[in-house]
1. Given the condition more than 29 Å from Ala193 (Cα to Cα), crowded, with 20+ Cβ neighbours inside 10 Å, in contact (Cβ under 8 Å) with a residue 40 or more places away in the chain and small (Gly, Ala, Ser), answer yes or no: does some residue in the stretch 151-165 qualify?
2. Find the helices (runs of 4 or more DSSP H) located wholly in the stretch 1-105 whose residues include 3 or more that are over 30 Å from Met173 (Cβ atoms), and list them.
3. So which pairs qualify, if the first residue must be in the stretch 185-200 and among the aromatic types (Phe, Trp, Tyr) and modelled with pLDDT of 95 or more, the second must be exposed (fewer than 10 other Cβ atoms within 10 Å of the Cβ) and not in a helix (DSSP H, G or I), the Cβ gap must be under 9 Å, and the two must be at least 6 apart or on different chains?
4. Considering the stretch 106-143 alone, what residues qualify as being among the polar types (S, T, N, Q), outside any strand (DSSP E or B) and out of contact with any Gly (no Cβ under 6 Å at 6 or more places or on another chain)?
5. Considering only residues of the stretch 92-147 that are β-branched (Val, Ile, Thr) and within 23 Å of Thr214 (Cβ to Cβ), which is surrounded by the fewest Cβ atoms within 10 Å (Cβ to Cβ)?
6. Of all residues in the stretch 292-322, how many are under 16 Å from the mean Cα position of the chain (by Cα) and either surrounded by fewer than 17 Cβ atoms within 10 Å (Cβ to Cβ) or not in a loop (DSSP other than H, G, I, E, B) (or both)?
7. So is Ala224 farther than 30 Å from Asn316 by Cβ, of a type in the set (A, V, I, L, M, F, W, C) and not in a loop (DSSP other than H, G, I, E, B) or not?
Amino acid sequence: MQKTPSKMKLVVVGNGMAGMRTVEELLKIAPELYDITVFGDEPYPNYNRIMLSPVLANEQTVDDIILNTREWYAEHNITLYTNARINKIDRKNRVVYTEDGTSAEYDRLLLATGSKPFMLPIPGKDLEGVIGYRDIKDTNEMIATAKTHKHAVVIGGGLLGLEAANGLKIQGMEVTVVHKNEWLLEKQLDKTAGKMLQKNLEAKGLNFLLQKNTELLIGDTPDANGKCRVKTARFTDGLEIAADLVVMAIGIRPNFALAESAGIYCNKGIVVNDTMQTYDPRIYAVGECVAHRGISYGLVAPLFEMAKVCATHLANFGIGIY
């Protein structure tokens, strides 16, 4: 791909919904301004993370949820690296490096590293079969596990946990949802509605353990490779249940380790101003990795709003404020 020497270089770290929406908005208003390079650590082009639940529930395929195909990147002269995790930012020389040594120079850098699932800090959290619910890999692992194992435990009775539980039930597993609160979806529903929802889901065959805290996960005997698979979940009251798969759906944490390692100011997220600029004026950040006025967002509407604001500033229009 021929790069133009006179153009500025924009490097985007993170090939998710917020980062790529920023690129789309930028292409609308200043299509010729930058040579754009995108690094994503998953093997896929940009996809709709919100639609992972329908994939798990057999209603959609992975291909159905791709937002920007590889052809789209090529048509817009965007260099796309997949399976490429950036592990170093050299701010002095304005270069980013991947784990395998690939590098790219930038004039402007956009960090859209997203978030990672919060995993309970309990013994056994590193066993085989203990996962978050965040990406296509997690979804594929759930579908594969359902073919060979029976007992699934979903920790978290919020929206994501219930979607995971529903999908695993459709895949044929016996599912128990463990929730530390008194009723399900306590952020969205009052107690009466939460109990009605629970009854409805129990009628579909889901099991619930409420007001339970998971104490530890116990593994099976190690296999030939020395790997242990999760077998049992134990709660603080001593109860134990079978668990061949444990899905933790208890929230997300902004993923800002890369920015922090480069000396960019972070505080529970990459700190940005109202134009989505970090403390390094050449570096912008959008999406779930960001802390804006002390708040990190896990919903798509504010992230798309950020993308729009960020694009106007990358385009040198300097008009938007988030």
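1. no
2. 17-29, 70-75
3. Once the first residue is among the aromatic types (Phe, Trp, Tyr) and modelled with pLDDT of 95 or more and sits in the stretch 185-200, no partner that is exposed (fewer than 10 other Cβ atoms within 10 Å of the Cβ) and not in a helix (DSSP H, G or I) comes close enough.
4. Once the filter is applied, which keeps residues that are among the polar types (S, T, N, Q), outside any strand (DSSP E or B) and out of contact with any Gly (no Cβ under 6 Å at 6 or more places or on another chain), the stretch 106-143 yields Thr139, Asn140.
5. Per the criteria, the residue is Ile122.
6. Adding up the residues that qualify gives 7.
7. Criteria not met by Ala224.
Table: residues versus (1) basic (Lys, Arg); (2) over 22 Å from the mean Cα position of the chain (by Cα).
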| site | (1), (2) |
| --- | --- |
| Lys147 | yes, yes |
| Lys169 | yes, yes |
| His179 | no, no |
| Lys204 | yes, yes |
| Pro254 | no, no |
| Gly263 | no, yes |
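The values are calculated or read from the model by the stated rules, or taken from the named source; none is laboratory data. Not measured: the values here are computed from a predicted model. Glycine also receives a Cβ, built like all others from the backbone with ideal geometry; neighbour counts cover every protein chain displayed.
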